[in-house]
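The values are calculated or read from the model by the stated rules, or taken from the named source; none is laboratory data. These numbers come from a predicted model, not from an experiment. We place every Cβ from the backbone using ideal geometry, glycine too, and count neighbours over all the protein chains shown.
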Amino acid sequence: MSDKVVPGNDIALAAALRMIADVVVGAEGQGLAVSVAVVDRAGNVVASGRMPGAALGTMRFATDKAYTSAIWQYPSGAFRESSQPGGDDWGLTSTESGRIVVYDGGLPIHVAGEFVGAIGVSGGTGEQDAALAAAARGVEFGV
């Protein structure tokens, strides 16, 4: 068992905690207060945190952005346009008991080409959330 991936090919708790710490450092540097969640391949929370001052609703959004990225293995914002009325994915956000989030900030995590989980960040703009998630993923996994 490594400190990045556990048997079964899910993200390890140690890696999830480091990613959360990386997001917090990045958010503090931008004067943001965010929530972050790291989930396994099935979208189950491995670790999460809400910074002091982050809006209460950000934890739910962070968790659901990560969940969306995990079950579809795409960035959560990838469905923004296609899920609008008349789009190919119209109605997507009402599936999975309303857990599908089509805002930026959720990213899948791959290690050596294998999907191991996802990260979700909420509290900034969608662009800021996605950048914080991408930076943490890059520091931990080099992507």
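Would you check if Thr63 is at pLDDT 95 or above, out of contact with any Cys (no Cβ under 7 Å at 6 or more places or on another chain) and among the polar types (S, T, N, Q)? Against the criterion (at pLDDT 95 or above, out of contact with any Cys (no Cβ under 7 Å at 6 or more places or on another chain) and among the polar types (S, T, N, Q)), Thr63 qualifies. Does Gly77 meet the test of being modelled with pLDDT of 95 or more, small (Gly, Ala, Ser) and buried (at least 17 other Cβ atoms within 10 Å of the Cβ)? For Gly77, the condition - modelled with pLDDT of 95 or more, small (Gly, Ala, Ser) and buried (at least 17 other Cβ atoms within 10 Å of the Cβ) - is not met.
Please state which one of Gly120, Gly43, Gly26 is surrounded by 15 or more Cβ atoms within 10 Å (Cβ to Cβ), modelled with pLDDT of 95 or more and in a strand (DSSP E or B).
So the residue among Gly120, Gly43, Gly26 that is surrounded by 15 or more Cβ atoms within 10 Å (Cβ to Cβ), modelled with pLDDT of 95 or more and in a strand (DSSP E or B) is Gly120.
Within segment 1-16, can you find the residues that are assigned to a helix (DSSP H, G or I), within 17 Å of Ala70 (Cα to Cα) and without any contact (Cβ under 8 Å) to a residue 60 or more places away in the chain?
Within segment 1-16, the first condition is being assigned to a helix (DSSP H, G or I), and the residues that meet it are 13-16.
Cutting the leftovers down to within 17 Å of Ala70 (Cα to Cα) gives us 13, 15-16.
If the condition is that a residue be assigned to a helix (DSSP H, G or I), within 17 Å of Ala70 (Cα to Cα) and without any contact (Cβ under 8 Å) to a residue 60 or more places away in the chain, then Leu13 is the only one that fits.
Looking only at segment 74-89, decide whether some residue is among the polar types (S, T, N, Q) and touching a strand residue (DSSP E or B) at 6+ places or on another chain (Cβ under 8 Å). Checked against the condition, which is being among the polar types (S, T, N, Q) and touching a strand residue (DSSP E or B) at 6+ places or on another chain (Cβ under 8 Å), segment 74-89 yields at least one hit.
Can you confirm whether segment 90-108 contains a residue that is aromatic (Phe, Trp, Tyr) and within 16 Å of the chain's Cα centre (by Cα)?
First, pick out the residues of segment 90-108 that are aromatic (Phe, Trp, Tyr): 90, 103.
Next cut, within 16 Å of the chain's Cα centre (by Cα) only: 103.
Yes, because at least one residue in segment 90-108 is aromatic (Phe, Trp, Tyr) and within 16 Å of the chain's Cα centre (by Cα).
Filtering segment 46-55 to residues that are buried (at least 16 other Cβ atoms within 10 Å of the Cβ) and over 14 Å from Tyr67 (Cα atoms) leaves Gly49, Arg50, Met51, Ala54. A single member of Ser69, Ser48 is closer than 18 Å to Thr125 by Cα, among the polar types (S, T, N, Q), within 12 Å of the chain's Cα centre (by Cα) and not in a loop (DSSP other than H, G, I, E, B), and it is Ser69.
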